1. Quick one: what Rg and Dmax do you get for the stretch 59-115 from the alpha carbons, in Å?
2. Can you give the angle from 0 to 90° between the axis of helix 137-148 and the longest principal axis of the chain, with both taken from C-alpha atoms, to the nearest 10?
3. Per residue, how big is the convex hull of the chain when only Cα atoms are used? Give it in Å³.
4. Would you mind classifying the stretch 38-194 by shape? Square roots of the alpha carbon gyration tensor eigenvalues, ordered a ≥ b ≥ c; an a/c under 1.5 is rounded, otherwise it is prolate if a/b is larger than b/c and oblate if not.
5. Report, to one decimal in Å, the Kirkwood hydrodynamic radius for the stretch 214-263 based on all distinct Cα pairs.
6. Using a 10 Å cut-off around each Cβ, can you sort 159, 201 from fewest to most neighbouring Cβ atoms?
7. Based on the Cβ-Cβ distance from residue 257 to residue 33, what FRET efficiency comes out when R0 is 35 Å, to the nearest 0.05?
8. Using 1/(1 + (r/R0)^6) with R0 = 25 angstrom and r between the beta carbons of residue 119 and residue 240, what's the FRET efficiency to the nearest 0.05?
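Rule-based calculations on the coordinates, nothing more; no lab input. On a predicted model such as this, the values are computed, not experimentally measured, just so you know. As a convention, Cβ positions derive from the backbone with ideal geometry for all residues, glycine included, and neighbour counts pool all protein chains shown.
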Ligand SMILES: [Zn+2]
């Protein structure tokens, strides 16, 4: 059976080029089910999720990567996808719901940027920003790698929505850092495999197992394929985290909200889960003894 929500890494050791291929179905569908997104935003979320998975797989430490498309001027304020080194993805978007959205990246984000933020669990946060001045997201990400890491990189992204089934996926090929000095041999090897990879079609990506896709593209090459990593939709929100956030708001203010609305409600912007807190919760939060595990009986 064809398996989705998997990422495979692969390696052309003779060319000093590494690769990754990912396809998403359930994880992407779960994100789309959490909120009613217009078609163009759905497509962007799919491409960003695939791209984030590909980029997160390049992390050599525990942490996460956020890919954020943003513009101060356009109808879409931002689309963000977070991914962790364990391939947990989540997404969020904000746009002007009163107008029809264009269907190109540059019209949706005039003078927009792609910000890639890498946050290690231990260590300094790093952010790289590139202009959204290319027709496709894949090209903007290639530009990012060219600027930030000077590593020749090819990114291919596809999405497919048919009969209520949502698929997103992509491939990344990148010159290995250690061999990037060795320009002559590396460049020709990279050029060779990226020319082959560029023939990848959406149909192949979403209808064949990753190993077969790689075989079709690279059957003349020696390519080592590593075991699959599962990719899942997972939000990092929790009732406890929401409670921790409430601790910094004055108790009187929270009690006033409960008086007026019955409860303090916190909506997670990523998964649209709602957490509710009553007056007892607020009391415990401000005593510093609140624990979401020990809910008072209703
Ligand atoms: Zn959440």
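1. Taking only Cα atoms of the stretch 59-115, I get Rg and Dmax of 13.4, 42 Å.
2. Once rounded, the angle reads 80 degrees.
3. Once divided by residue count, the hull of the chain is 170 Å³.
4. Since a/c reaches 1.5 and a/b is larger than b/c, the shape of the stretch 38-194 is classed as prolate.
5. The answer is 16.1 Å.
6. By the 10 Å Cβ count, ascending: 201, 159.
7. That gives a FRET efficiency of 0.75.
8. FRET efficiency, residue 119 to residue 240: 0.75.
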